[in-house]
Amino acid sequence: MTHASMGQFLLGAIAMGSAVAALLFVRFWRQSRDRLFLYFAASFMLEALNRALFAWNGAHSEEATLYYLVRLVAYGLILWAILEKNLVRRR
């Protein structure tokens, strides 16, 4: 297996793992109706799509700005969910 195909394989595995995590968080959200789980699900699904598209495009350059911006949004969603959960709790 070449280096490039191994990278694509690993990106696919990360995408699959992120999609599974997103589905688990959707299940938790459906049980509890806690928005924290919905934000986490959205973040992991965004990450899964980002990694899948990165692998689909051949994973040529990790420095591609768009991929980093999507990751920043995904991680920002997690940060926002945690902050919102803690701010609501204090009120």
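The values are calculated or read from the model by the stated rules, or taken from the named source; none is laboratory data. If you're wondering where the values come from, they're calculated on a predicted model, not measured in any experiment. Please note: Cβ atoms are built from the backbone with ideal geometry, for glycine as well, and neighbour counts cover all protein chains shown. Calculation scope for accessible area: heavy atoms of the full protein, side chains included, ligands and nucleic acids excluded. Shrake-Rupley method; radii C 1.70, N 1.55, O 1.52, S 1.80 Å.
Here are some notes:
- Qualifying residue in segment 67-80 (condition: open to solvent by 50 Å² or more (accessible area, probe 1.4 Å), farther than 21 Å from residue 38 by Cβ and modelled with pLDDT under 90): yes
- In segment 18-58, residue most open to solvent (accessible area, probe 1.4 Å) [restricted to those that are among the hydroxyl-bearing types (Ser, Thr, Tyr) and touching a residue at least 24 places away in the same chain (Cβ under 8 Å)]: 39
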